[in-house]
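The values are calculated or read from the model by the stated rules, or taken from the named source; none is laboratory data. In this text the structure is predicted, and so the values were computed from the model without any measurement. Note that each Cβ is placed from the backbone with ideal geometry, even for glycine, and that neighbours are counted across all protein chains shown. Each accessible area value is taken on the protein alone, full model and side chains, heavy atoms only, with ligands, DNA and RNA left out. Shrake-Rupley method; radii C 1.70, N 1.55, O 1.52, S 1.80 Å.
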Amino acid sequence: MSTNLWPFKKRVFSQRMHIDEQDFTEELGNALLSQCQRSSSKELVVACIGTDRSTGDALGPILGSMLIEQNLHHFTVYGTLAEPLHAVNLETRLGIIHLAHPNAFLIAVDACLGRQVNVGSITLSNRTLKPGAAMGKTLPEVGDCSLTGVVNVAGLMDFHTLQSTRLHEVMCMAEKMSTLFTFADRHLQQEQVPLKKHTSLFKKKGMSF
């Protein structure tokens with residue numbers, strides 16, 4: 001029997017938009033909102049992956065810091081400039097996050113490299129994120145859905161490409177990505193039954209990695 005006929009197979013969803021497109025926030029924000037609403041969990045967690053030691057790879061922690069400052073009602077955020085989620089600590093911190101939020105809907109955010117025509121584009125997908133794959137790193141898969149931003153062009157020296165990516169471009173992408181979460185948060189706030197938000201376990205316990 002063809003696996004395509006299996007009734008419980010997850011339908012793959014993916015939508016990509018450039019941050020300069022006119023309806024970026026409304027269209028991709030609605031898509032993110034839809035993913036959150038379809039989840040059976042009432043807790044939403046955002047894992048912003050990356051490191052501030054590389055400008056191209058700083059997209060995740062920059063976004064995480066922005067979201068923390070916005071004090072969202074329905075999203076618990078991990079991965080900031082102060083406490084990044086990166087290759088060295090990712091497995092350990094994911095374990096702690098899963099213990100603190102065992103039934104949460106996890107949204108993974110990361111930077112990536114791609115074709116020149118797609119630089120500046122954000123992709124929302126309901127597939128698990130595989131961080132570090134382009135760099136040949138073996139890291140745990142993350143998330144029930146993912147947001148990835150193409151920060152530069154993929155090539156033969158991806159590590160140096162990430163290192164030399166303009167911070168201005170990354171900041172612009174992070175700011176636009178933050179509007180997706182504020183859009184979704186505002187609409188979730190308007191619903192009758194609010195979603196649960198928990199204090200970050202690392203802040204609550206005073207943990208540092």
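Remarks
- Condition check for Thr128: under 14 Å from Gly50 (Cβ atoms), modelled with pLDDT of 85 or more and touching an Asp or Glu at 6+ places or on another chain (Cβ under 8 Å): no
- Considered as a group, the residues in segment 128-184 that are closer than 20 Å to Glu21 by Cβ and of a type in the set (Ser, Thr, Tyr) include one that is surrounded by the most Cβ atoms within 10 Å (Cβ to Cβ), and that residue is Ser146.
- Those residues of segment 12-60 which are open to solvent by 60 Å² or more (accessible area, probe 1.4 Å), within 16 Å of Ser125 (Cα to Cα) and part of a loop (DSSP other than H, G, I, E, B), in sequence order: Val12
- The residues of segment 131-161 that are assigned to a helix (DSSP H, G or I) and either touching a helix residue (DSSP H, G or I) at 6+ places or on another chain (Cβ under 9 Å) or modelled with pLDDT of 90 or more (or both), listed by number, are Ala134, Met135, Asp158, Phe159, Thr161.
Conditions (1) in contact with a Gly (Cβ under 7 Å, 6 or more places away or on another chain); (2) under 24 Å from Tyr78 (Cβ atoms); (3) of a type in the set (Gly, Ala, Ser), marked per residue:
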{"position": "Leu124", "(1), (2), (3)": "no, yes, no"}
{"position": "Arg127", "(1), (2), (3)": "no, yes, no"}
{"position": "Thr138", "(1), (2), (3)": "no, yes, no"}
{"position": "Asp144", "(1), (2), (3)": "no, yes, no"}
{"position": "Asp158", "(1), (2), (3)": "no, no, no"}
{"position": "Phe183", "(1), (2), (3)": "yes, yes, no"}
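- Count of segment 72-109 residues which are open to solvent by less than 10 Å² (accessible area, probe 1.4 Å), within 18 Å of Arg53 (Cβ to Cβ), assigned to a loop (DSSP other than H, G, I, E, B) and in contact with a Lys or Arg (Cβ under 8 Å, 6 or more places away or on another chain): 0
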